[in-house]
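Taking it in order: structure first as structure tokens, then the write-up.
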Amino acid sequence: MTLASAQSRPQPSAGVTIAAELAFDGIRHDYHGQFTVDGVSLHAEPGELLCLLGPSGSGKTTLLRLAAGLELPREGRILLNGQEMSGPGVFVPPERRGVGMMFQDFALFPHMSVFENVRFGLNALSEAESKKEAMAALERVGLAQYAEQYPHALSGGEQQRVALARALAPRPSVLLMDEPFSGLDSRLKDTVRDETLAILRETRATALMVTHDAEEAMRMADRIALLNEGRLVQIGTAEDLYYRPVDLFAAAFFSELNVFHATVSDGRVSTPLGNFGAGDARNGARVAVAIRLPSVEVREDEGDIPARIVFRRFLGVVEQLGLAIPGTEQVVQSRIRAGLLKSGLREVMLCVNDRDIMVFESG
Ligand SMILES: Nc1ncnc2c1ncn2[C@@H]1O[C@H](COP(=O)(O)OP(=O)(O)OP(=O)(O)O)[C@@H](O)[C@H]1O
């Protein structure tokens with residue numbers, strides 16, 4: 001449905017980018033009765049790069065499509081700078097939202113030149129102005145010299161930059177990006193990510209980016225919204241999510257962990273790797289005790305717990321170890337600096353750095 005109030009909104013100007021606040025308020029959305037987004041409220045600040053992070057099927061792309069106006073939410077509202085785009089009785093169509101989109105496969109038109117691809121979204125401008133803006137967008141991504149080429153003649157990284165130029169050319173107040181680097185060779189990814197970040201900073205558009213890669217989110221985002229099964233688990237900076245995860249799911253999304261199950265007694269938990277403070281967990285509560293791999297220190301001859309090495313995997317700078325310890329069948333894992341232990345060594349001693357223990361009530 002399209003209300004008169006929505007219809008009368010001005011067409012977004014292709015003049016200057018004015019970063020907008022994008023808010024999801026109590027959004028629920030289903031496909032055939034199956035809720036894929038279930039009560040999500042969050043917002044991206046003007047000029048912020050917010051990453052939607054989560055495993056496959058957690059509802060990230062659905063949120064992006066809802067923000068773009070490609071889907072109408074079943075419940076809740078979507079607001080741009082406080083103005084309702086979708087909500088009960090309101091639906092502003094995609095072309096009137098001032099939102100740019102960039103997809104996983106770049107979606108460039110193969111039969112159009114790079115220049116025509118970038119000019120495509122500028123039909124609200126005069127011919128002369130659209131040409132000027134398209135060229136300016138190509139210059140911004142450093143590809144002006146490829147203007148007359150066709151997309152197939154460009155490398156993956158260059159095509160990504162054309163897609164970015166096309167999405168940014170109409171100067172959207174919000175840029176929506178769905179896994180924008182997943183089609184790129186892993187060696188190219190780092191450079192293209194850095195370039196994209198620099199361009200986004202320069203244009204100062206608000207950006208919402210979907211990824212399932214925690215490291216990519218940490219590398220790029222001002223803040224990260226972690227989703228699972230259509231719900232928001234936690235939102236915050238990379239440091240917030242890494243150091244202060246709200247639950248075991250959030251902790252495990254950012255680090256490999258050793259996890260032991262225990263019951264809190266006198267404010268402490270007992271695990272095969274030692275006895276630790278239980279933090280805020282209540283006495284008698286069943287908890288998961290999570291210990292990051294680098295917190296299990298492995299030494300040749302001094303430590304608290306004897307262990308036998310059951311596997312060693314060389315990973316370059318670091319080495320991952322599997323360790324058998326008394327009191328559990330579970331193989332404990334550790335990550336140490338490569339070369340720290342002699343080759344052929346079997347019997348070692350472990351120390352656990354208890355600053356890094358995370359205790360979560362199992363519910
Ligand atoms: N058009 C559709 N029709 C039916 N079900 C859909 C449709 N689009 C998405 N879904 C379902 O909604 C759920 C969430 O999908 P969504 O694409 O939002 O997740 P995602 O977190 O982006 O996952 P991925 O990382 O795999 O793309 C999935 O279970 C998916 O199968």
Partner lysines whose C-alpha sits under 28 Å from that of K189, ignoring same-chain residues fewer than 8 away, are K60
Taking a straight Cα-to-Cα line shorter than 13 Å from K132, and setting aside same-chain aspartates and glutamates fewer than 8 residues away, one finds E116
Output for the stretch 154-217: trypsin sites (Lys or Arg not before Pro) sitting in coil per DSSP, at most 16 other Cβ within 10 Å, listed by number, reads R204
So for R0 = 35 Å, FRET eff. of V331-L188 from the Cβ-Cβ r, to 0.05, ends up at 0.45
The extension gain from Y150 to Y31, computed as 0.36 nm times the residue separation minus the Cα-Cα distance, is 39.1 nm
Ranked by GNM mean-square fluctuation in the chain (Cα springs under 10 Å), the top entry among L197, L64, L80 is L197
Sparse-neighbourhood loop hits (trypsin sites (Lys or Arg not before Pro), the stretch 225-308; DSSP loop; Cβ within 10 Å at most 13 others) -> R282
Square roots of five times the C-alpha gyration tensor eigenvalues of the chain, ordered largest first and given in whole Å, equal 47, 27, 14
Over the chain, the sum of -39500 (n - 2.57) across DSSP H runs of at least four, divided by residue number and rounded to 500 deg cm²/dmol, gives at 222 nm -6500 deg cm²/dmol
Counting as exposed only GluC sites (Glu not before Pro) in DSSP loop states with no more than 10 other Cβ atoms inside 10 Å, the longest exposed-site-free span of the chain is 149-301
Spelling it out for E48: with amide H atoms placed in the peptide plane at 1.01 Å from N, the residues 5 or more places away or on another chain with amide H under 5 Å from its amide H are A207
One finds, for E229 and E361 with R0 = 25 angstrom and r their Cβ-Cβ distance, a FRET efficiency to the nearest 0.05 of 0.85
Quick P(r) readout (the stretch 255-361; Cα-Cα; 10 Å bins; whole %) gives 15, 47, 28, 10, 1
When the chain is treated as a Gaussian network with springs between alpha carbons less than 10 Å apart, the largest mean-square fluctuation among F24, F253, F311 is found at F311
Any aspartates and glutamates whose Cα falls less than 19 Å from that of K342, other than same-chain ones fewer than 8 residues away, would be E297, E300, D301, E302, E319
Residues whose built amide H sits under 5 Å from the amide H of T271, excluding neighbours closer than 5 in sequence, are F276
Given a Förster distance of 41 Å, the FRET efficiency implied by the Cβ-Cβ spacing of E239 and S126, rounded to the nearest 0.05, works out to 0.30
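Readers should treat all values here as calculations from the given coordinates under stated rules, not as data from a laboratory. Since the structure is predicted, the reported quantities are computational estimates derived from the model, not experimental observations. Backbone-built Cβ (ideal geometry, glycine too); neighbour counts: all protein chains shown.
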